[in-house]
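Structure record follows, encoded as structure tokens.
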Amino acid sequence: MPHPPKKLSRRIKPALDTPFHIDFEWWQQEGRDLHAYLLSQIPADLHEAYAELDDGATVDTVNPETGEVQQEDGLLQRVRAIARQRVDFVNQHTSIIDAVFRTFLVNDNKPLTSYELSRHLNRDAELILRTLSGAQVYKGLRPCTE
């Protein structure tokens, strides 16, 4: 499994070119339920089909760049697949936090700057930066280094 990006020191103030990602460790450290949040991101017309997903199941995935087989959370993998298939998964009516989170699901959590997120979401880069760099961490969205 690829190493997660390193976190920036809390003393460094993120800028528009600071990359962000989903810090999945944050969910566990904060005692938050990632699975409940992931299920809430599934479009309403698919809720019934995904209502009985096993919370602890893992699946094997193959890294297309390295060919390495990795274990991944089954629900996370399924929500990523939905995210890639649905053109309406991220839209103008999606809250900025959910839109950023969903964008990282679509792109396999590859770090993106506020500028890049702005282009993906058609939203103001400064607003994205202010939202993600405040004192509170939302949904594990944090700055990182590559």
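The values are calculated or read from the model by the stated rules, or taken from the named source; none is laboratory data. Everything numeric in this text was worked out from a predicted model, so none of it was measured. Cβ atoms come from the backbone with ideal geometry, glycine included; neighbour counts cover every protein chain shown.
Some points to look at:
- For region 127-137, a residue qualifies if it is in contact (Cβ under 8 Å) with a residue 12 or more places away in the chain and either within 17 Å of His21 (Cβ to Cβ) or exposed (fewer than 12 other Cβ atoms within 10 Å of the Cβ) (or both), and the qualifying residues are Ile128, Leu129, Thr131, Leu132, Ser133, Val137.
- Test: residue in region 92-111 that is of a type in the set (D, E, K, R), buried (at least 18 other Cβ atoms within 10 Å of the Cβ) and touching a residue at least 12 places away in the same chain (Cβ under 8 Å): yes
- The listed residues are Asp73, Asp124, and the only one of them that is closer than 23 Å to His35 by Cβ and not β-branched (Val, Ile, Thr) turns out to be Asp73.
- Evaluation of Arg78 against (1) among the basic types (Lys, Arg); (2) farther than 24 Å from Asp33 by Cβ; (3) in contact with a strand residue (DSSP E or B) (Cβ under 9 Å, 6 or more places away or on another chain) (one fails), failing number: (2)
- Boolean, Glu65 is surrounded by fewer than 17 Cβ atoms within 10 Å (Cβ to Cβ) and either within 23 Å of Asp45 (Cβ to Cβ) or in contact (Cβ under 8 Å) with a residue 60 or more places away in the chain (or both): no
- Residue check, Leu34 modelled with pLDDT of 80 or more and touching a His at 6+ places or on another chain (Cβ under 6 Å): no
- For region 109-145, the candidate set comprises residues that are under 16 Å from the mean Cα position of the chain (by Cα), over 22 Å from Ala81 (Cβ atoms) and assigned to a loop (DSSP other than H, G, I, E, B); within that set, the residue that is modelled with the highest pLDDT is Thr113.
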